[in-house]
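Please read the structure below before turning to the comments.
What follows is calculated from the coordinates using simple rules that are stated; it is not laboratory data. Remember, predicted model here, so these are calculated numbers, not experimental data. Using ideal geometry, Cβ is built from the backbone for each residue, glycine included, and neighbour counts are taken over all protein chains shown.
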Amino acid sequence: MPESHKRVLIVDDEYYLGQMLAQALLQEKIEAMAVTDIDSAISWLERKKFDLIVSDVYLPGKTGMDLFNYVTAHNIEVPFIFMTGNPNLEMAIDFLTRGGYDYILKPFMIPEFIHKVKSVIKTHSLRKKEKKLVKDLRQLLASRLSELRIFQDVIESTDDGVLVTDVEGTIVKVNAGFEKITGLSSVQLLQQHLDVLRQTVLPGLDFKTILQELEANKTWNGELVGGRNHQDTWYVSITFSPVQNEESQIFAYAGIFKDVTEQREVEQALISSLQKMNLAQEAIIFGLANLAEQRDNITGFHLERIRAYCKALAEALYERHIYPHMVNAEFINMLYRTAPLHDIGKVGIPDYILLKKGRLSPAEFEIIKSHTTIGYNTLNSIRKQYGDMQFLKMGIEITYCHHERWDGNGYPRGLKGKQIPLSAQILAIADVYDALTTYRSYKSAFGHREAIEIMKKERGKHFSPKIFDVFLKIADRFDQIRMGFVESVPAVELNLPVPVEY
């Protein structure tokens with residue numbers, strides 16, 4: 001039933017009086033059912049809900065008191081008014097003490113009746129709301145007390161440190177976990193300002209900074225390094241949050257202090273181990289690559305230059321936000337470490353071809369080209385045995401694809417454009433620049449500017465236009481790297497044309 005729609009049950013053996021009262025209430029937009037006996041009234045109560053029962057006391061057969069007894073016995077929550085012309089004091093006391101609302105003495109005026117009905121309905125509605133409010137408050141209080149007990153149990157049982165301050169930063173609560181991880185007792189801490197921790201175990205803890213962060217972001221997270229007993233270094237992860245009342249007013253701050261010293265020590269040991277492993281890994285890679293280079297007439301610092309060129313060009317791409325989804329610090333570092341592997345496949349090329357002075361025959365050049373597939377097969381067999389490590393993945397890309405060309409005329413697979421891995425696109429520019437600017441058994445060294453002019457003709461053919469344009473912008477950096485690795489040049493140089501394969 002909508003809250004605005006009210007319904008009244010009228011019980012009176014005078015049929016016309018009941019109908020008149022029902023009609024008067026209807027004009028006030030109050031629905032009314034008028035019956036002349038108790039059984040009919042009970043029948044209506046079984047079918048509908050009412051906001052008020054108005055019954056005559058004296059009825060044929062059963063009385064109004066019998067109806068009241070039925071209502072109370074069946075826990076029907078509805079206010080009850082008696083109408084009577086012969087009030088009985090004893091009955092009235094019994095009626096009112098058992099929950100009856102009021103009496104209307106006959107005879108009465110219709111406006112008086114309507115006023116009484118509206119007043120009782122309104123009063124009962126307010127009492128219901130008040131009763132519900134009291135019930136809700138009791139439930140809320142019981143819930144809060146239960147939560148408080150649970151919260152207290154959690155605070156005391158957790159190994160993490162829990163600290164509570166008032167809004168001024170005065171410590172009002174610490175748990176046993178906090179005492180354990182700080183080495184400070186509650187006697188030393190309670191009623192002290194939070195700054196006592198800065199003076200003892202956590203020099204980096206600043207309440208003003210925490211408060212500013214809490215006002216801006218509703219929470220403060222940090223990790224600090226401190227010292228327990230003025231000697232033990234410890235790491236603690238801290239989270240501070242405001243505590244609010246029902247009106248969302250902050251009345252305290254709660255801090256969770258988690259000792260992460262052991263975790264950080266394990267992490268540092270792991271980092272140290274990984275660094276050592278990476279150094280060993282890099283030494284092995286460089287040694288393998290250098291082994292291949294020793295069989296060639298490429299002298300001295302070729303591998304160091306190649307990796308330095310690649311690093312410089314990759315950093316320039318990163319700074320200009322070119323290929324941002326690929327070029328990051330990890331990519332640059334991995335490229336620097338794996339670039340020396342590019343010609344590792346030359347270990348499988350016969351000496352009479354690898355060390356030949358002068359031009360290669362077409363058949364010999366086909367054999368030279370196979371160093372890319374030899375290198376690929378070598379590294380891929382390692383990958384199958386040890387898994388997809390990132391340095392092997394990039395090493396395979398570089399070894400297999402550094403002689404592919406942007407226009408698709410490279411080898412071994414004739415990849416074109418973006419089909420060529422980015423690492424190989426970068427290395428191709430570095431490798432050609434180094435080949436042009438250093439002495440080889442079949443050619444003399446070109447100067448920096450001459451090499452740049454030759455390479456410009458290969459933009460969009462051999463090299464990616466986008467990457468080559470960046471190379472041109474940092475070409476002086478390549479020259480600086482080249483000059484940093486000085487090599488002795490044979491007294492007699494052959495001034496031969498640049499071979500197709502560089």
Within straight-line cross-link reach of LYS218, lysines at Cα separation under 17 Å, skipping those fewer than 8 residues along the same chain
LYS208
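Over all directions, what mean area does the Cα convex hull of the stretch 6-132 project, stated in square nanometres?
On the way: hull surface 29.6 nm².
Average of the hull's projected areas for the stretch 6-132 equals 7.4 nm².
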Residues whose modelled amide H sits under 5 Å from the amide H of LEU52, counting only those 5 or more places away in sequence or on another chain, are ARG7, LEU9
Under-5 Å amide H pairs with ILE104, H placed in peptide plane, nonlocal only
PHE82, MET83, THR84
For a 30 Å ceiling on Cα separation, which of these pairs sit above it: LYS311/LYS457; LYS346/LYS416; LYS356/LYS384?
LYS356/LYS384
Built amide H within the under 5 Å cut-off of HIS193, gap 5+:
ILE171
Anchor LYS129: lysines whose Cα lies under 22 Å away (excluding residues fewer than 8 positions away in-chain):
LYS6, LYS48, LYS49, LYS116, LYS118
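Write out the GluC sites (Glu not before Pro) in the stretch 44-96 meeting two conditions: DSSP loop, and at most 16 other Cβ atoms within 10 Å of their Cβ.
Working: sites: GLU46, GLU77, GLU90; in loops: GLU77.
Here the GluC sites (Glu not before Pro) that fit, given the DSSP loop and packing criteria, are GLU77.
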Per the Kirkwood treatment, what hydrodynamic radius in Å, one decimal, follows for the stretch 158-259 from the mean inverse distance over all distinct Cα pairs?
13.6 Å
Using every Cα-Cα pair within the stretch 191-247, state what percent have a distance larger than 12 Å.
70 percent
Between HIS321 and GLU267, what is the FRET efficiency for a Förster distance of 30 Å, r being their Cβ-Cβ separation, to the nearest 0.05?
0.45
Listed by chain and number, the lysines with an alpha carbon less than 16 angstrom from that of LYS132, same-chain partners under 8 positions apart left out, are LYS122
Please turn the phi angles of the stretch 251-263 into ³J(HN,Hα) values with the Karplus equation 6.51 cos²θ - 1.76 cosθ + 1.60 (θ = phi - 60°), one per residue in order, whole Hz, x for glycine and proline.
10, 6, 10, 10, x, 9, 10, 10, 6, 10, 4, 4, 4
